[in-house]
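The values are calculated or read from the model by the stated rules, or taken from the named source; none is laboratory data. Here the structure is a predicted model, which is why all the values come from computation and not from measurement. With ideal geometry, Cβ positions are generated from the backbone for all residues, glycine too; neighbour counts draw on all protein chains shown.
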Amino acid sequence: MLTLTENAQHAVKELVERSNGAEGAGLRIDAEAPGSDRLGVAVVPAPELRDATISEGGANVYLGMTAATFLDDKVLDAHEQDGRVEFEVLPQV
């Protein structure tokens, strides 16, 4: 299952808060389009029915089926660059 670094936890919580996310809101990752291998990210009020849910350090991340498969053995990290949050997917060690 995908894990989050402390930087990613902080970034997810901050993005959700900036979007006026209510309790249960989180960052959703899934294929940009059906059949696509490109992943998209969005702040959402709640997970979709079949989403995998990851809650670490107060951060909620929801994974659509495509993303859950692709990110199963990965770590999500984040850093800020030029005032923007950039996420990076790393292998688990």
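Structure data summary
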read-out: When residues of the stretch 1-46 are limited to those that are more than 11 Å from the chain's Cα centre (by Cα) and among the polar types (S, T, N, Q), the one surrounded by the fewest Cβ atoms within 10 Å (Cβ to Cβ); value: N20
read-out: Some residue of the stretch 53-60 being β-branched (V, I, T) and modelled with pLDDT of 95 or more; value: yes
read-out: Unmet requirement for G64, which otherwise passes all of (1) in contact with a Ser or Thr (Cβ under 9 Å, 6 or more places away or on another chain); (2) buried (at least 16 other Cβ atoms within 10 Å of the Cβ); (3) not charged (D, E, K, R); value: (1)
read-out: Residues satisfying the stated conditions in the stretch 22-35, i.e. assigned to a loop (DSSP other than H, G, I, E, B) and in contact with a helix residue (DSSP H, G or I) (Cβ under 8 Å, 6 or more places away or on another chain); value: A25
read-out: T53 assigned to a strand (DSSP E or B) and polar (S, T, N, Q); value: yes
read-out: In the stretch 67-88, the residues that are surrounded by 14 or more Cβ atoms within 10 Å (Cβ to Cβ) and within 11 Å of the chain's Cα centre (by Cα); value: A67, A68, L71, V75, L76, D77, A78, F87
